[in-house]
Amino acid sequence: MSRRSAGDGPGTFALLAGGGTAGHLLPGLAVAEALVAAGHDRREIHVVGAERGPESTLVPAAGFTVDVLPGRGIQRRLTPANVGAVIDLLRALWRGIGLVRRHRPAVVVVLGGYASFACGLGAVLLRRPLVLLEQNRKAGAVNRLLRRFATASAVSFPGTDLPRATVTGNPLRPEIRAVAEHPDPKAAREQLDLPQDRTVVAVFAGSLGSRRINTAVRGVVERWADRHDLAVRHVVGRRDHDEFVADLPTLPDDGIAYQVVAYEDRMHLLLDAADLAVTRSGGSVFELMATGVPAVLVPLPIATRDHQTANARAVEATGGAVVIADADLDVDRLEAALAELLADPGALAARSVAMRAAATVDAAERAAEVVEAAARG
């Protein structure tokens, strides 16, 4: 699909390619907004994303034009579904290269995800400057395939395995940046119906959630049912929500405050309200750092190249997080980690300061400068 035909309005300055998941797309949109703030017309920025991703709704809502490419993941085993996946990939390659040829952008920015490869290859074939935007400590598959051709890379962590790299941090969503720069935990707690006089623990693990984290957290809540000093807001995920709430523990009215929700569409408020988090360690670690929320990080074990463990260890090194391997997580291990973190409010506050000190709240502007420099040559 296309929201604008070639020739309408000003020429294309930047073609942002990638997405398929919000984790890839939202940092790209943050960079796009930074380019607009730097003086580019919104119509000079075009996004190419995945047909099955959130691009079709999120990009027009942000005021940018978009094309989406067919495609699906190729399974790492022989299966009839891979035939269709290969056909879609070839169609996407043809269309992606054609879009680069049609728009002739001053620079192509690859955001990661399978949808980005076609336009990245188009940039190589048509000799357009190519910038790689990487959210994780270890580069993803597409960025590794394209890295030898990259004009520059904007990376989130020092030591990421991409060439000509500038450490910019991971660009933040505007609403996350707003609470990072102007925190108001009292107002956030009021909007989420969380108590003002308790330590708030936020639990989340993506839109689907994590059964292992959910089980461990429920066990800790049962053991700490009589605590008057804690509140837990538990985002269990859409996949298991109904089953989870059907088996909730019975808690005393005057004990721990425990909220269970399927999905959190006000994550900025939750991070503003929270004193501590239990979560995975994808791109959300930058949101934790920016908002100064210490965390127990449980890396997703099946993440590509185990990049979530690499992310978690980098955050742990700042002093702001504790890492528990997924295979080691159970009620006892989580209870011990949380008890240690909560036992000393001063130490927890110091971890919050460490998280903020490691954050790059202006990552979008830094990445936009890399894009501008690549376009200028």
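The values are calculated or read from the model by the stated rules, or taken from the named source; none is laboratory data. Keep in mind it's a predicted model, so treat the numbers as computed, not measured. Positions of Cβ are generated from backbone atoms using ideal geometry, with glycine treated the same way; all protein chains shown enter the neighbour counts.
The figures follow:
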read-out: Top-ranked residue in region 189-210 [being out of contact with any His (no Cβ under 8 Å at 6 or more places or on another chain) and among the small types (Gly, Ala, Ser); ranked as farthest from ARG266 (Cα to Cα)]; value: SER210
read-out: Some residue of region 230-243 being surrounded by fewer than 15 Cβ atoms within 10 Å (Cβ to Cβ), charged (D, E, K, R), outside the structural domain of ASN143 (by TED's automatic domain parsing) and within 25 Å of the chain's Cα centre (by Cα); value: yes
read-out: Options GLU372, GLU335: the member that is in the same structural domain as PRO163 (by TED's automatic domain parsing) and over 16 Å from the mean Cα position of the chain (by Cα); value: GLU372
read-out: Filtered residues of region 186-233 (kept if part of a helix (DSSP H, G or I), free of Cβ contacts under 8 Å to residues at least 40 places away in the same chain and charged (D, E, K, R)); value: LYS186, GLU190, ARG211, ARG218, GLU222
read-out: Conditions (1) at pLDDT 90 or above; (2) surrounded by fewer than 21 Cβ atoms within 10 Å (Cβ to Cβ); (3) in a helix (DSSP H, G or I); number of the one not met by LEU25; value: (2)
read-out: Lone qualifier among PRO163, PRO183 - being assigned by TED's automatic domain parsing to the domain that holds GLU287 and not in a helix (DSSP H, G or I); value: PRO183
read-out: One residue from ARG148, ARG127, ARG144, ARG137 being basic (Lys, Arg) and closer than 21 Å to VAL361 by Cα; value: ARG137
